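First up is the structure itself, then whatever we jot down about it.
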Amino acid sequence: MKRSFIFGLLALAALRVGHAGVLPEDRADVLLHSYDGGGVTIEGPSVLIRKQFAQKFSVSANHYVDKVSSASIDVVTTASPYSEERTQHSVGIDYLHDRWMMNVGFTNSEENDYSADTFSFGLSQDMFGDLTTVSLGYSLGNDMVSRRGDANFSDEVERQQYRLGLSQILTKNLLLGVSFETITDEGFLNNPYRQVRYVDTTTPQGYSYEREMYPRTRTSDAGSVRLRYYLPWRAAVHAEYRRYGDTWDISADMFEIGYTHPIELGWTFEGKLRSYAQTKADFYSDLFPRAQFQNFLARDKELSTFASQTLRLGASYDIVRGGWKFVERGTVNVILDHMMFDYEDFRDLRVTGVVAGSEPLYSFDANVFQVFVSFWF
Amino acid sequence: MTAKTTSSAVRCAIAAAALCALAGCSVEPWVKPYERDHLADPIMSFDRDPVSGSYTGHVHEAREGARGATGAAGGGCGCN
């Protein structure tokens, strides 16, 4: 089961680019992605095409696939390894009028136990001599949740998203971006397969499992600030900070710094460091004292207290300089992200023969690889 | 930052931005159009390659409790 709605929003974000007074560029991107870490491999393509017409409109479409093969720590300790596929399609249209831009988008995501539809609407306007771009947005998502092997289980999720963005030219070398976003969820929010564990001295390992149970509502707020600065030798540095809080008592901070450096002969290199840390949800525990200990129960490591770091290296090469037929420009791009996760209250249950609750804390590394070609026409 | 107080802040910010836009605010730009060549360089884009940004955002969102306010971002899951 995936967080399809969130990715729907991200896919729609990919369709919403550019400043209010200028339509996005005509371009086509074909990307192959690969994630490998924690016993999970995910691969697939993503194709994004955008084209202007009638000088006031720009349409876009995205096809995305996740092919998942999972033997994650959750799976190997409570279930059996599995494979599945998720397919997502997004379409969008932008309309430009003077300094206003309006966009409408739709995303559908399908997998064998989860279906998600997301509608999105946004407005943006350039103002103050085009130094400032303000954008407002709203999205509505409806998900259908099912469970393999259980024809009697079916539930729904409704989500709404409100976003406010500001892009500001501060100096001739410095850009500022500010974003706020509120997301509300209502419905079946936990994973229908995942289980929590509780102390059970009647078993050899000292614990047993029961289904997790989440609240049926969640509201989250996030705010971020980004800066990007142009250096005298034609390079750019950027920094970003994001603060997050929600009604499940999770709070999180994210910092990121990066450097982009183009050189002669058409190469551009980039490096980035990202640091993330969060506190646990108030109903999370690695080991509950007994069965049905409280109304809400979670042992999802994404809801635990943990920190992660990501190191990125990337390179881009211009393959069509000066144009070729109808293609104005083209690039080949390679990006590698190395991610490191360290959990503070999620234990590695693959280690047996120890007292329940004293297993070593879990950690894992992951490598994320992207290779894509882009053409502007 | 609590969810409730931030929600109020977001609503106020949205209202302020909408009012400002409707009022047709205008000021003399302190960075002239002809001084924006550095800002127009592709390396200054917050999201130079949307297909990659969307995927990268998804990779993080699927493995973290936090969500939202990514500007534009991006994938691969394996939440189980």
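Taking Cα centroids, how far is segment A:69-139 from segment A:194-258 in Å?
Their Cα centres are 19 Å away from one another.
Answer with one residue from A:Ser124, A:Leu227, A:Val145: the one whose Cα lies farthest towards the positive end of the charge dipole of segment A:97-376, charges on Cβ with Lys, Arg +1 and Asp, Glu -1.
Selected residue: A:Leu227.
Once phi is turned into θ = phi - 60°, what whole-Hz ³J(HN,Hα) does the Karplus curve with 6.51, -1.76 and 1.60 give for every residue of segment A:72-87, x standing for Gly and Pro?
Going residue by residue, I get 5, 4, 4, 5, 6, 9, 10, 8, 10, x, 9, 10, 7, 9, 10, 10 Hz, with x marking Gly and Pro.
Along Cα→Cβ, 7 Å out, is where each label goes; now give me the distance between the ones at B:Glu28 and A:Tyr95 in nm to one decimal.
3.7 nm
Amide H neighbours of A:Asn190 under 5 Å, at least 5 residues apart or on other chains, H built in the peptide plane: list them.
HN-HN under 5 Å from A:Asn190: A:Tyr214.
Could you state the principal axis extents of the C-alpha atoms in segment A:97-376, from the largest down, to the nearest angstrom?
Largest first, segment A:97-376 extends 73, 40, 37 Å along its Cα principal axes.
Given A:Lys172/A:Lys325; A:Lys272/A:Lys325; A:Lys56/A:Lys272; A:Lys172/A:Lys280; A:Lys67/A:Lys301, which pairs have Cα atoms separated by over 31 Å?
A:Lys172/A:Lys325; A:Lys272/A:Lys325; A:Lys56/A:Lys272; A:Lys172/A:Lys280
Do the sum for the protein assembly as shown: with -39,500 (n - 2.57) for every DSSP H run of n ≥ 4, divided by all residues, what is the mean residue ellipticity at 222 nm, to the nearest 500 deg cm²/dmol?
Result for the protein assembly as shown, helices only: -3500 deg cm²/dmol.
Can you give the Kirkwood hydrodynamic radius of segment A:223-269 from its Cα pairs, in Å with one decimal?
Result for segment A:223-269, one decimal place: 12.8 Å.
Find out how many positive minus negative residues lie around A:Leu361, taking Lys and Arg as positive, Asp and Glu as negative, among other residues whose Cβ is under 11 Å from that of A:Leu361.
-4
Along the charge dipole of chain A, pointing to its positive end and built from +1/-1 on Cβ of Lys, Arg, Asp and Glu, which listed residue (A:Thr133, A:Ser358, A:Ala239) has its Cα farthest out?
A:Thr133
Taking every eigenvalue of the Cα gyration tensor of segment A:74-204, multiplying by 5 and rooting it, what semi-axes result, largest first, whole Å?
Semi-axes, largest first: 42, 19, 13 Å.
What is the magnitude of the charge dipole of segment A:271-377 about its Cα centre, with +1 placed on the Cβ of each Lys and Arg, -1 on the Cβ of each Asp and Glu, and no other charges, expressed in debye to the nearest 20?
Using Cβ point charges on Lys, Arg, Asp and Glu, segment A:271-377 gives about 420 debye.
At what distance in angstrom do the alpha carbon centres of segment A:147-175 and segment A:324-377 lie from each other?
Here the answer is 21 Å between Cα centres.
Starting from the Cα coordinates of segment A:237-320, work out the convex hull volume and express it per residue in Å³.
Considering the Cα atoms of segment A:237-320, their hull volume per residue is 119 Å³.
Could you list B:Ile43, A:Ile93 so that the one with the fewest beta carbons within 10 Å of its beta carbon is first and the one with the most is last?
A:Ile93, B:Ile43
Name the residues whose placed amide hydrogens come within less than 5 Å of the amide hydrogen of A:Glu328, ignoring near sequence neighbours (fewer than 5 apart) on the same chain.
Residues meeting the criterion, in which the H sits 1.01 Å from N, are A:Trp376, A:Phe377.
Enter the mean number of other protein chain beta carbons within 10 Å of the beta carbon of each residue in A:146-153, as an integer.
Whole-number average of other-chain Cβ neighbours for A:146-153 is 0.
Ignore the peptide's own chain and count Cβ atoms of other chains within 10 Å of each Cβ in B:32-43; give me the average, rounded.
5
Whole-Hz ³J(HN,Hα) for each residue in segment A:164-180, computed from phi via Karplus 6.51 cos²θ - 1.76 cosθ + 1.60 with θ = phi - 60°, x for glycine and proline: what do you get?
So the Karplus estimates, Gly and Pro as x, are 9, x, 9, 10, 10, 7, 8, 9, 6, 10, 9, 10, 10, x, 10, 9, 10 Hz.
Taking θ as phi - 60°, what are the ³J(HN,Hα) couplings along segment A:311-328 by the Karplus curve (6.51, -1.76, 1.60), each to the nearest whole Hz, with x for Gly and Pro?
For segment A:311-328, the Karplus-derived couplings read 10, 10, 10, x, 9, 9, 10, 6, 9, 10, 8, x, x, 8, 6, 8, 8, 7 Hz, x marking Gly and Pro.
Any read-out appearing in this document is the output of simple, stated calculations on the displayed coordinates, not a laboratory observation. Predicted model, so just to flag it, every value in this text is computed and none were measured. Cβ sites come from the backbone with ideal geometry, for glycine too, and all protein chains shown count toward neighbours.
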